[in-house]
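Visitor: First the structure, then my questions, so here it is.
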Amino acid sequence: MPMLIRASPETTTGGRWAVLAVVLAAAVLDLLDATITNLAAPAITADLGGGQALVQWLGAGYALALGVLLVTGGRLGDRYGRRRVFLTGLTGFTLASIACGLAGDPGTLIAARIVQGAFGALMIPQGYGILAATFPRDQLGKAYSLFAPALGASSVAGPVLGGFLIQADLLGLGWRAMFLINIVLGGGALLAAVRLLPADDGDRNTAVDAPGAALLGVALLGLLYGLIDGSAGGWSARPFLCLAGGLAFAGLFCLRQRTARNPLIEPSLLRHRGFTAGLVLGVVFFAAVSGLLYVLALFLQTGLGYSPLRAALHLTPVALGIVVASVACHRLVTRLGRVLIAIGLGVTLLGALWLLAVVPGGAWALVPPVFVVGLGLGTCFGTVFDVTMGDLERHQAGSAGGVLSATQQLANAAGAAAVTTVYFHAATQDLAVTHSLLVVIAATLTCCGLVWLLPRRPQNHH
């Protein structure tokens, strides 16, 4: 039985673009809260304590919950109706943001971040389905094309806004204002969503593999906790037990995917060499990138003593590079395919090597190579997933897209934990950045080898 969509009067003509604005607002909220703690970590740890472990968990906890539950969130939207699940996710996300802003100790803040990521996983997957139900087919491409520039612009504005809010210390709130501002942003988006989103009934026959999601969650939590606990508190028996438990549950998850009637990851996807290579490349690349951006934000503040706002302004070239390259490469991917990804990886490698050479020179010396890194990232971000799905059948595209998006979030969590582990164990700040950059360079070189295993072109352009 197909999902029933009831178009409302508000989803005609100009109302459709209002629906797009609501969906975009949710995506921007997610992006802001996924990245904003990169900048705020020093201010938060100075206030609450928690040290290195809190710095690592701030981003990792959010990305872990989001990544583990993203595919399940999409299935829940199919089952119970995308509007209903979107509103639930946005409401929970906003309330969890308030809990983050009011947290009085590191444990409460990390728990609130995990809850925030979990509700984000309910909210984000519904957007494309809602737009597909709202826009005529001939206008859908134009609606989707607005995501890259909107998210690119918010990646520029987000850190600057976060730095401003911390520095302005509005009402004496300090870093808490970054989360509490979601009362306004999330509340406004929620009111608009209630008014504008079309109703849909969902399909109660859609299966949700709850045991599979639980096994995946426990596996990744064990691996991530072991990594962070070992690097922050010493490699005693506990982190090794956590890592071993994580690997064991990962094995059980793989077994579940082979035997479940409705698995989270369709086993047939992994029989495609190009898709599997793209999955591995995505994990390595996004992990390296998220770790690098986190380390640069820490270095500017803890190493060079910059204020959050000044650090944000020095990182703006990364975001500008991402926006410029995303717009420039939008049409090139159909012609160049995996060659464009290879170019992006080469540019990222060039930027990282340039950073390695100028780290001792101070913050202004970082600006040009940081912009080059942004150009490389913008070239790769959209194209990796498009090309990875090039050899799949059309009916596999939805499942594959969900898996790749979830993989990106999980890579963000692992990367932030792994690269900051290297950072915190160096003797000096300059060495910390140098060692972290060497990890990123090695990861990028690995990706340069994997890229030639990808399909030659995106799905619709063979």
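Visitor: Using Cα-only point scatterers and the Debye equation, what is log10 of I(q)/I(0) for the range 170-329 at each q in 0.14, 0.20 Å⁻¹, rounded to two decimals?
Guide: Log10 of I(q)/I(0), two decimals: -1.27, -1.20.
Visitor: Further question on the same structure: Just to be sure I understand the curve: with the Debye formula and one point per C-alpha of the range 268-404, what is log10 I(q)/I(0) at q = 0.19 Å⁻¹?
Guide: -1.04
Visitor: Still on this structure, please answer the following. When the accessible area of the range 48-124 is computed with all protein chains present and a 1.4 Å probe, what percentage of it is carbon and sulfur? Each step should come with its number before you reach the end.
Guide: Working: 1510 of 2180 Å².
Accessible surface attributable to carbon and sulfur in the range 48-124 totals 69 percent.
Visitor: Here's something else I'd like to know. So for each of 440-447, 64-71, 102-109 I average, over its residues, the number of other beta carbons within 10 Å; can you give me the resulting order with the highest mean first?
Guide: Values: 440-447: 20.0, 64-71: 26.0, 102-109: 15.4.
Put in order of decreasing packing, that is 64-71, 440-447, 102-109.
Visitor: Would you tell me the accessible area of VAL372, worked out with a 1.4 angstrom probe on the heavy atoms of the protein chains, in Å² to the nearest 10?
Guide: The value for VAL372 is about 20 Å².
Visitor: When the expected Rg is taken as 2.2 N^0.38 Å, what fraction or multiple of it is the alpha-carbon Rg of the range 14-134? Don't skip to the end; give the middle numbers.
Guide: On the way: Rg = 15.3 Å, N = 121, 2.2 N^0.38 = 13.6 Å.
That works out to 1.12 for the range 14-134.
Visitor: With unit charges on the beta carbon (Lys/Arg positive, Asp/Glu negative), name the residue among LEU180, ALA168, LEU264 whose Cα is farthest towards the positive pole of the charge dipole of the range 150-288.
Guide: LEU264
Visitor: Scan (1) 131; (2) 205; (3) 145 for the value of volume of the Cα convex hull per residue in Å³ calculated from this model and give just the label.
Guide: Given (1) 131; (2) 205; (3) 145, the structure-derived one carries the label (1).
Visitor: Please list, ordered by chain and number, the residues whose modelled amide H lies under 5 Å from the amide H of ALA199; skip anything fewer than 5 residues away on the same chain.
Guide: ARG6, SER8
Visitor: For the ranges 115-121, 41-47, 200-206, 386-392, what's the packing order if you count other beta-carbon atoms within 10 Å of each residue, average per peptide, and put the highest first? Each step should come with its number before you reach the end.
Guide: Values: 115-121: 25.4, 41-47: 18.9, 200-206: 15.0, 386-392: 23.1.
Per-residue Cβ counts within 10 Å, averaged per peptide and sorted highest first, yield 115-121, 386-392, 41-47, 200-206.
Visitor: Another question, if that's okay. Show me, for the range 304-317, the HN-Hα J-couplings you get by feeding each phi into the Karplus relation (A = 6.51, B = -1.76, C = 1.60, θ = phi - 60°), rounded to Hz, glycine and proline as x.
Guide: Once θ is set to phi - 60°, the couplings for the range 304-317 become 9, x, 6, 6, x, 5, 5, 4, 4, 5, 6, 8, 4, x Hz.
Visitor: Which of LEU292, PRO211, LEU255 sits farthest toward the positive end of the charge dipole of the range 205-299, with +1 on the Cβ of Lys and Arg and -1 on the Cβ of Asp and Glu?
Guide: LEU255
Visitor: Would you be so kind as to identify which of THR434, ILE36, VAL403 lies farthest towards the positive end of the dipole of the chain, taking Lys and Arg as +1 and Asp and Glu as -1 on Cβ and the Cα centre as origin?
Guide: In the chain, that residue is VAL403.
Visitor: Quick one: putting +1 on the C-beta of Lys and Arg, -1 on the C-beta of Asp and Glu, what dipole do you get for the chain around its Cα centre, in Debye to the nearest 20?
Guide: 1020 debye
Visitor: Residue by residue through the range 80-93, which ³J(HN,Hα) values in whole Hz follow from phi under the Karplus form 6.51 cos²θ - 1.76 cosθ + 1.60 (θ = phi - 60°), with glycine and proline marked x?
Guide: In residue order, the calculated couplings are 9, x, 5, 4, 4, 5, 4, 5, 4, x, 5, 5, x, 4 Hz.
Visitor: Hey, what number do you get for the chain at 222 nm if only DSSP H runs of n ≥ 4 count, each worth -39500 (n - 2.57), divided across all residues, to the nearest 500? Intermediate results must be reported in sequence, preceding the final value.
Guide: Working: 18 runs with 361 residues, N = 462.
After summing the helix terms and dividing by residue count, I get -27000 deg cm²/dmol.
The values are calculated or read from the model by the stated rules, or taken from the named source; none is laboratory data. All of these numbers come straight from a predicted model, not from anything done at the bench. Every residue, glycine as well, gets a Cβ built from its backbone with ideal geometry; the counts of neighbours run over all protein chains shown. When the accessible area is computed, the model is the full protein with side chains, heavy atoms only, and any ligands, DNA or RNA have been set aside. Shrake-Rupley method; radii C 1.70, N 1.55, O 1.52, S 1.80 Å.
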